[in-house]
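Trainee: What follows is a single structure, and I will ask about it in a moment.
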């Protein structure tokens, strides 16, 4: 079965940017995730198609090769139609459908594939260890492959931003060590090959597909690769300026508050957002200042009363008639 055009699968134009592709994938993945549609094979297929499409289009090099017609939607090198027909007619094995594999390292249409792969096409696509002619009650030459298993891993905000290794405990009690790349986002899928369902005799174990969830942070908010945060400052710091220490995902940083700052003044910390990942540069951190009153005594009240009389100012002027 030929893989569908990834742009059509995700419902995006060929000119779509990374953010649009990622957003389209997230919506489809959440709608058709097998855990939310138990027993719905159609939903499972749409989920797999969306994952494969996103894997190809999120890789800039493979996307460019696909757009040039050098590889097909399954990431395999394009071959003349008659060559593929001849290989099947002569008993050869066609390429295996591997979402995200993109045919890397293959020197020809069938390089790197073993004789079991023809049956595995159907295992990957339909979640069954059955190749052609291996339906229920019928014998088949290919080995049975284990099913892919679907799990969800909830990450703390900073673990998702900075990456690292997480341990996932399965319902069976088995644990998996999951390497989380820096900058991973809500709804992305990690594939752990061979960590899924057990295989039949001489077969291959399925994969573990791990959907990522991210818990919100009390201070940080992510927008793309940038980090937004609000930092309180005193009257004195806002008016007189000075150095203060602010948190960032990579650790505390010393910054200068400009003199005569106000609530809402925004400071940009270059490269202090989400670390560089996947060929994308590091994001920035944006610090918004918020003036807090602090302790008030009689001397401050007397000063402000006198000062306000000498410096009349209405910040709401023009808001009301």
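The values are calculated or read from the model by the stated rules, or taken from the named source; none is laboratory data. Note that the coordinates shown come from a computational prediction; the quantities given were computed from them, not determined experimentally. A quick note on method: Cβ atoms are made from the backbone with ideal geometry, for glycine too, and the neighbour counts reach across all protein chains shown.
Trainee: Has the range 82-93 got any residue that is at pLDDT below 85 and in contact with a strand residue (DSSP E or B) (Cβ under 8 Å, 6 or more places away or on another chain)? Spell out the reasoning first.
Mentor: Residues of the range 82-93 at pLDDT below 85: 82-93.
Those left that are additionally in contact with a strand residue (DSSP E or B) (Cβ under 8 Å, 6 or more places away or on another chain): none.
The answer is no, given that none of the residues of the range 82-93 is at pLDDT below 85 and in contact with a strand residue (DSSP E or B) (Cβ under 8 Å, 6 or more places away or on another chain).
Trainee: Also, I was wondering about something else. Could you grab me the full set of residues in the range 7-53 that are in a helix (DSSP H, G or I), in contact (Cβ under 8 Å) with a residue 60 or more places away in the chain and closer than 19 Å to residue 191 by Cα?
Mentor: Within the range 7-53, 22, 25, 26, 29, 30, 34, 35, 44, 45, 48, 51 meet the criteria.
Trainee: Something else about it: If a residue has to be loosely packed, with under 13 Cβ neighbours inside 10 Å, under 19 Å from residue 260 (Cα atoms), without any contact (Cβ under 8 Å) to a residue 24 or more places away in the chain and within 52 Å of the chain's Cα centre (by Cα) to count, how many in the range 282-307 make the cut? Before the answer, list the steps.
Mentor: Narrowing the range 282-307 to residues loosely packed, with under 13 Cβ neighbours inside 10 Å: 292-299, 301-307.
Those left that are additionally under 19 Å from residue 260 (Cα atoms): 292-294, 303-304, 307.
This time we only want the ones that are without any contact (Cβ under 8 Å) to a residue 24 or more places away in the chain, so: 303-304, 307.
Now drop any that are not within 52 Å of the chain's Cα centre (by Cα), which leaves 304.
The total comes to 1.
Quick grid of which residues meet (1) surrounded by fewer than 17 Cβ atoms within 10 Å (Cβ to Cβ); (2) in a strand (DSSP E or B); (3) free of Cβ contacts under 8 Å to residues at least 40 places away in the same chain; (4) not assigned by TED's automatic domain parsing to the domain that holds residue 168:
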{"residue": "203", "(1), (2), (3), (4)": "no, no, no, no"}
{"residue": "206", "(1), (2), (3), (4)": "no, no, no, no"}
{"residue": "237", "(1), (2), (3), (4)": "no, no, yes, yes"}
{"residue": "245", "(1), (2), (3), (4)": "yes, yes, yes, yes"}
{"residue": "267", "(1), (2), (3), (4)": "no, yes, yes, yes"}
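Trainee: Taking the range 208-235, which residues are out of contact with any strand residue (DSSP E or B) (no Cβ under 8 Å at 6 or more places or on another chain) and assigned to a strand (DSSP E or B)? Write out each step before concluding.
Mentor: Looking only at the range 208-235, we keep the residues that are out of contact with any strand residue (DSSP E or B) (no Cβ under 8 Å at 6 or more places or on another chain), and these are 216-218, 223-224.
Listed by number, the list holds a single entry, 223.
Trainee: Same structure, new question: Taking only the range 248-265 into account, find how many residues are buried (at least 16 other Cβ atoms within 10 Å of the Cβ) and either assigned by TED's automatic domain parsing to the domain that holds residue 164 or touching a strand residue (DSSP E or B) at 6+ places or on another chain (Cβ under 7 Å) (or both). Show your work before the answer.
Mentor: Of all residues in the range 248-265, those buried (at least 16 other Cβ atoms within 10 Å of the Cβ) come to 248-250, 255, 257, 261, 265.
Okay, now just the ones that are also either assigned by TED's automatic domain parsing to the domain that holds residue 164 or touching a strand residue (DSSP E or B) at 6+ places or on another chain (Cβ under 7 Å) (or both), so 248-249, 255, 257, 261, 265.
Residues that pass the stated criteria total 6.
Trainee: Quick one: which residue in 196, 183 is within 16 Å of the chain's Cα centre (by Cα) and either surrounded by 15 or more Cβ atoms within 10 Å (Cβ to Cβ) or part of a loop (DSSP other than H, G, I, E, B) (or both)?
Mentor: Result: 183 is the single residue among 196, 183 that is within 16 Å of the chain's Cα centre (by Cα) and either surrounded by 15 or more Cβ atoms within 10 Å (Cβ to Cβ) or part of a loop (DSSP other than H, G, I, E, B) (or both).
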